[in-house]
Amino acid sequence: MSPNGQPLYEGKAKILYPGPEDGTLIQYFKDDATAFNAQKKDSIIGKGVLNNYISAHLLPAVGEIGIPHHLLGRMSHREQLIKQVEIIPIEVIVRNVAAGSICKRLGLEEGEKLDETLVEFCLKDDSLGDPVIAAEHIFALNKATPDELSQIVDMTLRINDFMQGLFFGIGVRLIDFKLEFGRLETEEDIEIILADEISPDNCRLWDVSTNEKMDKDRFRRDLGGLIEAYSEIARRLGVNVPANALEA
Ligand code: TMP
Ligand code: ASP
């Protein structure tokens, strides 16, 4: 069931509804799966629930290392209460190991360890296919200031260090992931905080011993077993998702 009220925004995997108080929103997780700028589409029953539970576990965990984020709490199987922010239209991609689009773009072998952690930026614009851009584009197009971007990169690298350790502890390699940030207006100034979600939809996660993919590549590459893989990530993280919650 989705919340009452008119959606404020509908994305590919989530819907935002007005929240109970000013400055809050309800983030509803759909089962829709898309890839390749929505050229490939399906609905996978239970995916939204698993992403909701996993993200509601990971955001507070990064909060504990001092990263401010938008999550106020999980409300139901598919809903979270979040702080309303102005989303910065940049997808921040962190890569520890080459996989996905960078292999095609730069001719790398999937699974090749990168000598240094790579942070890439994509302009969040579906009509353009979210193109990779440089920091200079971000400033020239006035999408974020140098100070904002430096805060974003700083937080992103700390999140990467923390999450690599967290996942390694449960037998999973964090290959790459995508983050989004937003501006939160406070009484004194504007704070940059982590927004969106952290889930197997926007991370690549490989089993340490078998290299089995435990993320959305199972859908992108028609490997099947997506719900089983996301459920296994939840189980290893110690996140208890009630079995009946995975029904439509
Ligand atoms: P990529 O290899 O397709 O560029 O993806 C890099 C990482 O970013 C991968 O973990 C998947 C994630 N990602 C998203 O979360 N949303 C997107 O729209 C894309 C293209 C990638
Ligand atoms: N969600 C993205 C899309 O449909 C792509 C992806 O995650 O691969 O474009």
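The values are calculated or read from the model by the stated rules, or taken from the named source; none is laboratory data. All values derive from a computational prediction rather than experimental measurement. Note that each Cβ is placed from the backbone with ideal geometry, even for glycine, and that neighbours are counted across all protein chains shown. Remember, those area values only see protein heavy atoms, side chains included, never the ligands or the DNA or RNA. Shrake-Rupley method; radii C 1.70, N 1.55, O 1.52, S 1.80 Å.
Listed values, structure above:
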read-out: Selection count, segment 30-46, where residues are within 16 Å of ligand 1 (Cβ to nearest atom) and without any contact (Cβ under 8 Å) to a residue 60 or more places away in the chain; value: 5
read-out: Lone unmet requirement of (1) over 23 Å from Glu86 (Cα atoms); (2) more than 15 Å from ligand 2 (Cβ to nearest atom); (3) among the charged types (D, E, K, R) for Lys47; value: (2)
read-out: Residue in segment 194-211 that is farther than 21 Å from Val97 by Cβ, part of a strand (DSSP E or B) and open to solvent by less than 10 Å² (accessible area, probe 1.4 Å) present; value: yes
read-out: Test: residue in segment 77-86 that is under 11 Å from Ala195 (Cβ atoms) and assigned to a loop (DSSP other than H, G, I, E, B); value: yes
read-out: One residue from Phe162, Phe167 being open to solvent by 10 Å² or more (accessible area, probe 1.4 Å) and closer than 24 Å to Ile233 by Cβ; value: Phe162
read-out: Identity of the residue in segment 102-120, in contact (Cβ under 8 Å) with a residue 12 or more places away in the chain and within 16 Å of ligand 2 (Cβ to nearest atom), that ends up nearest to the chain's Cα centre (by Cα); value: Glu120
read-out: Qualifying residue in segment 146-168 (condition: farther than 27 Å from Leu123 by Cβ and not in a helix (DSSP H, G or I)); value: no
read-out: Residue within segment 172-189 that is under 25 Å from Glu110 (Cβ atoms), surrounded by fewer than 18 Cβ atoms within 10 Å (Cβ to Cβ), at pLDDT 95 or above and within 12 Å of ligand 2 (Cβ to nearest atom) present; value: no
